Each structure stands twice: as C-alpha cells, then as structure tokens.
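Comments concern the structure below.
The values are calculated or read from the model by the stated rules, or taken from the named source; none is laboratory data. Being a predicted model, the structure only gives us computed values, none of them experimental. Positions of Cβ are backbone-derived with ideal geometry, glycine not excepted, and every protein chain shown enters the neighbour counts. Please note that ligands, DNA and RNA were not included when accessible areas were found on the heavy atoms of the full protein model with its side chains. Shrake-Rupley method; radii C 1.70, N 1.55, O 1.52, S 1.80 Å.
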Amino acid sequence: MDKLQKKYEKEINEMVETTRRVGEIGYVTSHGGNLSYKISSEHILITPTKVVKRKMTFNDIVIIDFEGNIIYSQNGHKPTGETPMHLNIYNLRPDLNGIVHAHPPYLTGFSLTDSTILEKALLPEPSIEIGPIISIPYAEPISEDLAKQFEKHIHKSNAWLMKNHGIAVGSSEGVGRALDILEMTEMMAISVSTASKLGEINTIPISEVEKLDNTIRTRNIPRPGDPERIKSLKDLYNS
C-alpha cells in the first residue's frame with residue numbers, strides 16, 4: 001500500500017463504498033457519474049474515468065491536488081473528465097468536502113423539463129438538508145464551460161440539477177453523506193412526480209419555512225447553501 005493510501009485509508013474505503021452503492025442502486029450506469037472527497041487542504045480523492053462504479057476498488061481511487069494534478073494513481077488511471085466541475089465547486093464552496101454527480105432516473109427526468117417545482121420548499125427534511133434544487137443551464141459534459149455554469153447558482157443550495165444531464169450534490173460531512181442527501185433528493189422527486197398526477201402540488205408557506213430554521217439549530221445540522229451568504233432558509237427560498 002502506498003504511503004498516501006495508508007494515510008487516507010479510512011477515507012478511501014468510504015469513497016469506494018459510496019461509489020459502489022451509487023452503481024448498485026441504479027443512479028449511474030456503465031461509466032457514468034463521478035464522485036470526489038476533499039480530504040485535506042492539499043488532496044482530493046476522485047473517481048477515475050472509464051471504470052464501472054459498482055466494480056470500484058481501493059486501488060482505483062485517484063488522488064489529485066486542487067489544480068487537478070495527479071498525486072497518486074495506479075494502473076494508469078486518470079481522474080474523471082468532469083474533474084473541472086468538482087474543483088470549481090470546491091473553489092466556490094470551501095465548506096463542502098464531498099460531491100456526488102449521478103443520473104438517478106426521476107431527477108434526470110426533471111432535468112429534461114423546464115419545471116421549477118424542485119426549487120420550492122416541498123418537504124421539511126429536504127428543505128433543511130438540501131435547499132432548493134437549482135437548475136444549471138446545459139453545457140457539454142467534461143467541459144470547462146460546464147464547470148463555469150455553476151458559478152451563478154452555487155451559493156443557493158447543496159444540489160444542482162444539470163439540464164439534460166443529471167444532478168450534482170455536495171455535503172460538508174463527507175462523500176457518504178453526499179450520497180445520503182442524493183437519495184433523499186431522488187425520493188422527493190419521486191413524490192413530486194406522483195403528486196403531479198394527483199392534483200396541484202402544495203408548497204410549504206414561507207412563514208413555515210422560517211420555523212424550520214429552529215429545527216436546524218435544534219439538530220445542529222449544517223444549513224444548505226453557502227454559509228458565508230445564507231443565514232436562514234428564508235434567504236434560500238426568497239432568492
């Protein structure tokens with residue numbers, strides 16, 4: 001085992017477990033999707049390109065720096081082509097340390113529409129842990145242009161719906177937690193899809209959204225959005 005692998009053994013194991021789970025639950029197929037885990041002020045764990053997620057191993061995980069340079073890799077692995085997107089998110093949102101980009105069916109379905117319903121406060125738990133699901137304009141995958149599309153919207157949420165592509169979710173509590181949040185987001189999308197077939201979708205009134213800040217304080221959980229700019233849930237759902 002390389003000395004860096006030894007140093008970050010726990011984090012690499014979390015990365016592998018999370019990556020496999022993304023594939024096993026069907027949120028990615030073939031070589032799709034990518035994950036990263038900011039583990040220090042110098043190093044980021046990131047998934048390699050062209051490796052099936054449910055088959056990921058300890059030695060497949062690549063270690064890069066904040067410029068995207070490869071610090072450690074086995075078997076000639078290169079980091080995902082969407083590395084610029086991950087680096088840009090970390091640069092714009094230093095509070096985050098885990099990112100999952102995937103293509104869960106319902107959320108990806110919403111990305112094919114112009115619906116803004118997921119930007120509303122719909123359910124209490126997603127509202128306090130994720131924030132509004134902000135749509136990012138379409139840009140070519142694995143491009144610098146895609147990375148730049150996040151800049152206008154990055155402070156408003158911890159989840160960004162990429163038009164005609166999929167979703168990216170960030171967490172300040174590690175990559176495993178980022179996947180937990182993604183699963184919550186996909187379940188919300190399923191609920192909204194069901195509700196749309198039954199009648200008008202009700203949103204949580206802004207007066208009630210304000211009260212959810214008390215839940216955040218009581219549970220001592222990170223508020224979604226950029227902590228330097230977002231001081232209450234009302235800031236998110238009124239912006």
Interchain or sequence-distant (5+) residues whose placed amide H lies within less than 5 Å of the amide H of ALA121 are ILE204
Where the centre of each part is set by its Cα atoms, how far does the range 212-239 sit from the range 136-211, in angstrom? 16 Å
Treating the beta-carbon of each Lys and Arg as +1 and of each Asp and Glu as -1, no other charges, what is the dipole magnitude of the range 108-148 about its Cα centre, to the nearest 20 debye? 120 debye
Can you show me the helix-derived [θ] at 222 nm for the chain, built from DSSP H runs with n ≥ 4 at -39,500 (n - 2.57) apiece and divided by the number of residues, rounded to the nearest 500. -11500 deg cm²/dmol
Cα shape, the chain, gyration tensor, a/c 1.5 rule: prolate
Surface per residue (accessible, 1.4 Å probe) for the chain, Å²: 47 Å²
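What helices in the chain pass both tests, a Cα length along the helix axis of 30 Å or more and a mean Kyte hydropathy of 0.5 or higher, using whole DSSP H runs?
175-198
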Can you tally the net charge around PRO105? Count Lys and Arg as +1, Asp and Glu as -1, for every other residue whose Cβ sits under 15 Å from the Cβ of PRO105. -3
Environment charge of ILE206, counting only residues whose C-beta is closer than 14 Å and scoring Lys/Arg +1, Asp/Glu -1: -2
Exposed trypsin sites (Lys or Arg not before Pro) being those in a DSSP loop with at most 12 other Cβ atoms within 10 Å, the longest stretch of the chain free of them is 51-151
Net charge of neighbours whose Cβ lies under 15 Å from the Cβ of SER193, counting Lys and Arg as +1 and Asp and Glu as -1: 0
So the number of lysine pairs in the range 114-234 with alpha-carbon atoms under 16 angstrom apart, 8 or more residues apart or on different chains, is 10
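Do any chymotrypsin sites (Phe, Trp or Tyr not before Pro) in the range 51-143 lie in a loop, going by DSSP, with at most 14 other beta-carbon atoms within 10 Å of their beta carbon, and if so which?
Here the chymotrypsin sites (Phe, Trp or Tyr not before Pro) that fit, given the DSSP loop and packing criteria, are PHE66, TYR138.
Scan the chain and report its longest stretch carrying no GluC sites (Glu not before Pro) that are both in a DSSP loop and have at most 14 other Cβ atoms within 10 Å. Walk me through the numbers on the way to the answer.
Values: sites that count: GLU42, GLU67, GLU151, GLU173, GLU200, GLU228.
Here the longest segment lacking exposed loop sites spans 68-150.
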For the range 109-179, what % of the accessible area comes from carbon and sulfur atoms, probe 1.4 Å? 51 percent
